[in-house]
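Trainee: Have a look at the structure that comes next, please.
The values are calculated or read from the model by the stated rules, or taken from the named source; none is laboratory data. This is a predicted model, so every value here is computed, not measured. Note that each Cβ is placed from the backbone with ideal geometry, even for glycine, and that neighbours are counted across all protein chains shown. Remember, those area values only see protein heavy atoms, side chains included, never the ligands or the DNA or RNA. Shrake-Rupley method; radii C 1.70, N 1.55, O 1.52, S 1.80 Å.
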Amino acid sequence: MYTQAMDTMPKELGEAPKTLRSADELALQERFDARIDAGDFIEAKDWMPDNYRKTLLRQISQHAHSEIVGMLPEGHWISRAPTLKRKAILLAKVQDEGGHGLYLYAAAETLGTSRDQMVNALHTGKAKYSSIFNYPTLTWADVGTIGWLVDGAAIMNQVPICRCSYAPYARAMIRICREESFHQRQGFDSLLVMMKDGTDAQRAMVQDAVNRWWWPCLMMFGPPDDQSPNSAQGMRWGIKRVSNDTLRQKFVDATVDQAKLLGVTLPDPDLKWNEERGHWDFGAIDWAEFFRVVAGDGPCNQERLAQRVQAWDDGAWVREAALAHARKQATKQQAA
Ligand code: BYC
């Protein structure tokens with residue numbers, strides 16, 4: 001009502017003073033909050049508060065970068081896959097990750113940023129990507145372990161994002177989650193073959209990979225809830241549906257039985273079923289390591305970024321050729 005009164009203000013009074021605009025914005029904000037409370041999806045054309053837009057841009061672009069950087073540790077093994085079947089599966093998986101990155105960059109672009117801006121932020125170290133991809137893939141068993149544990153953790157985190165309040169992100173996540181679930185299964189299958197039919201050396205290789213990836217996978221869910229600055233607002237806006245600690249616990253609970261099936265030991269002496277909580281208790285996570293890796297000082301941070309920059313530079317001629325082709329087509333169409 002208050003806002004309507006502002007809108008009908010006579011034109012001769014000139015430009016509406018700032019307070020009038022804020023009343024309009026207040027009404028828009030109220031409508032937006034009500035839609036979020038009602039569980040509505042927000043589309044790109046809808047009004048949204050600046051900070052909602054910024055938070056989504058931050059999360060979606062980080063997510064896109066994670067997919068693209070995530071191609072590197074596994075891509076490294078395509079030429080050394082042990083069989084043609086494993087090579088074909090890995091090739092498809094790595095291509096899927098590239099596709100996920102593209103859906104996500106496209107979703108982020110709907111918020112008013114360009115792909116070039118996002119890529120530039122990654123290449124100059126301003127944008128984050130998942131800490132997990134700063135660890136090395138030392139053996140073939142690392143590839144299966146990434147599928148089983150890293151993609152397993154990713155699914156746990158990403159399924160709730162299919163209900164994210166921002167519709168373009170939610171839609172992208174539905175496609176991504178379907179593919180991630182194949183990724184997790186192929187990783188588990190690859191490890192199972194080595195554990196059941198492999199040699200002692202292969203079984204030891206799988207155990208070694210699980211030992212190295214377990215703790216970094218638990219870190220993927222982000223800092224503990226009481227040290228997560230973005231959680232409260234992210235949950236309020238329906239961007240984040242489940243907290244970091246809850247997802248981490250769900251992941252541990254789901255993975256313990258899978259580890260038993262595989263015949264590997266999870267490297268945590270404190271892992272113990274807690275009857276009272278109905279969950280698995282697990283040991284302390286080394287958060288100092290997490291923050292070090294996120295700040296750029298992990299085992300492979302420099303290598304990963306350098307590879308991304310190199311790939312971008314090497315691809316310059318493809319981008320130029322595609323643009324030249326598009327210009328030619330446009331000229332032809334105009335002439336016709
Ligand atoms: N690594 O307040 P918090 C994949 C940052 S792709 C690095 O809890 P939020 C896959 C966080 O950004 C996996 N940084 O933040 C791909 C924040 O810093 P800023 C990627 C992390 O946003 C290929 C600060 O710490 N998945 O699985 O509420 C092959 C405080 O955190 C990490 C996604 O991106 C981390 N692990 O929650 C295979 C999913 N954790 O930005 C697999 C979408 C936290 O304030 N993202 N930080 O400077 C999310 O769900 C949320 O953004 C997070 C963090 C749970 C990651």
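Trainee: Report the Stokes-Einstein translational diffusion coefficient (µm² s⁻¹, integer) for region 218-266, Rh taken as the Kirkwood radius over Cα pairs, at 20 °C with viscosity 1.002 mPa s.
Mentor: Stokes-Einstein gives a translational diffusion coefficient of 177 µm²/s.
Trainee: Here's a follow-up. Whole-Hz Karplus ³J(HN,Hα) for region 33-43, in order, using 6.51 cos²θ - 1.76 cosθ + 1.60 and θ = phi - 60°, x for Gly and Pro?
Mentor: 4, 5, 5, 4, 4, 7, x, 6, 8, 9, 9
Trainee: While we're on this one: Computing the accessible area with a 1.4 Å probe over protein heavy atoms, can you report the carbon and sulfur percentage for the chain?
Mentor: After summing per-atom areas, the C and S share lands at 56 percent.
Trainee: When the helix-only estimate is applied to the chain (DSSP H runs of n ≥ 4, each -39,500 (n - 2.57), divided by the residue count), what is the mean residue ellipticity at 222 nm, nearest 500 deg cm²/dmol?
Mentor: -21000 deg cm²/dmol
Trainee: Looking only at Ile146, Ile78, Ile60, which one moves most when the chain is put into a Gaussian network model with springs between Cα atoms under 10 Å?
Mentor: Ile78
Trainee: Let me ask you something else. Note the angle between two axes, namely the Cα long axis of helix 84-109 and the longest principal axis of the Cα atoms of the chain, as a number of degrees from 0 to 90, rounded to the nearest 10.
Mentor: Long axis of 84-109 versus the principal axis of the chain: about 20 degrees.
Trainee: Looking at the chain, identify the longest residue range that excludes and avoids all GluC sites (Glu not before Pro) in DSSP loops having at most 12 other Cβ atoms within 10 Å.
Mentor: That would be 44-274.
Trainee: Using just the alpha carbons, could you tell me how many Å³ per residue the convex hull of the chain encloses?
Mentor: Measuring per residue, one finds 197 Å³ for the Cα hull of the chain.
Trainee: Return the single residue from Gly187, Gly198, Gly98 with maximal mean-square fluctuation; model: Gaussian network over the chain, springs between Cα atoms under 10 Å.
Mentor: Looking only at Gly187, Gly198, Gly98, the largest GNM fluctuation is found for Gly198.
Trainee: Show the residues, 5+ positions off or on another chain, whose built amide H is closer than 5 Å to the amide H of Tyr166.
Mentor: Residues meeting the amide H criterion: Ile42.
Trainee: Counting Lys +1, Arg +1, Asp -1, Glu -1, what net charge surrounds Ala321 among other residues with beta carbon under 12 Å of its beta carbon?
Mentor: Computed value for this residue: +2.
Trainee: Continuing with the same structure: Short version: what are the Cα gyration tensor semi-axes of region 167-257, square root of 5 times each eigenvalue, largest first, in whole Å?
Mentor: Result for region 167-257: semi-axes of 32, 18, 9 Å.
Trainee: Mind checking which of Asp268, Asp50, Asp208 has the largest fluctuation in a GNM of the chain, springs on alpha carbons under 10 Å?
Mentor: Result: Asp50 has the largest fluctuation of those listed.
Trainee: On a 0 to 90 degree scale, rounded to 10, what angle separates helix 301-314 from the longest Cα axis of the chain?
Mentor: Roughly 60 degrees, rounded to the nearest 10.
Trainee: Let me ask something else. Amide H neighbours of His279 under 5 Å, counting only residues 5+ apart in sequence or on other chains, H built in-plane at 1.01 Å?
Mentor: Excluding prolines and chain starts, which carry no amide H, the hits are Asn274.
Trainee: Taking trypsin sites (Lys or Arg not before Pro) as exposed when DSSP calls them loop (any state but H, G, I, E, B) and at most 13 other Cβ atoms lie within 10 Å, what is the longest stretch of the chain free of them, the sites themselves excluded?
Mentor: That would be 127-276.
Trainee: Right, something else. Please report, in cubic angstrom per residue, the volume enclosed by the convex hull of the alpha-carbon atoms of region 47-127.
Mentor: It comes to 84 Å³ per residue, whole-number rounded.
Trainee: When each pair of different Cα atoms in region 228-310 is counted once in the 1/r mean, what is the Kirkwood radius in angstroms, to one decimal?
Mentor: Kirkwood radius, region 228-310: 15.9 Å.
Trainee: Could you give the dipole magnitude of the chain about its Cα centre, charging the beta-carbon of Lys and Arg +1 and that of Asp and Glu -1, in debye to the nearest 20?
Mentor: The dipole magnitude comes to about 1080 debye.
Trainee: Here is a further query. Could you do me a favour and compute the accessible area per residue for the chain, 1.4 Å probe, result in Å²?
Mentor: Ligands and nucleic acids excluded, the result is 53 Å² per residue.
Trainee: Hey, if you drop one equal point scatterer on each alpha-carbon of region 116-215 and run the Debye formula without solvent, what base-10 log of I(q)/I(0) do you get at q = 0.11, 0.16, 0.18, 0.21 Å⁻¹?
Mentor: The Debye formula, applied to the Cα set alone, gives -0.44, -0.80, -0.92, -1.06.
Trainee: Here's a follow-up. Starting from the exponent 0.38 and prefactor 2.2 Å, build the expected Rg for region 194-336 from its residue count and divide its actual Cα Rg by it.
Mentor: Expressed relative to 2.2 N^0.38 Å, the Cα Rg reads 1.61.
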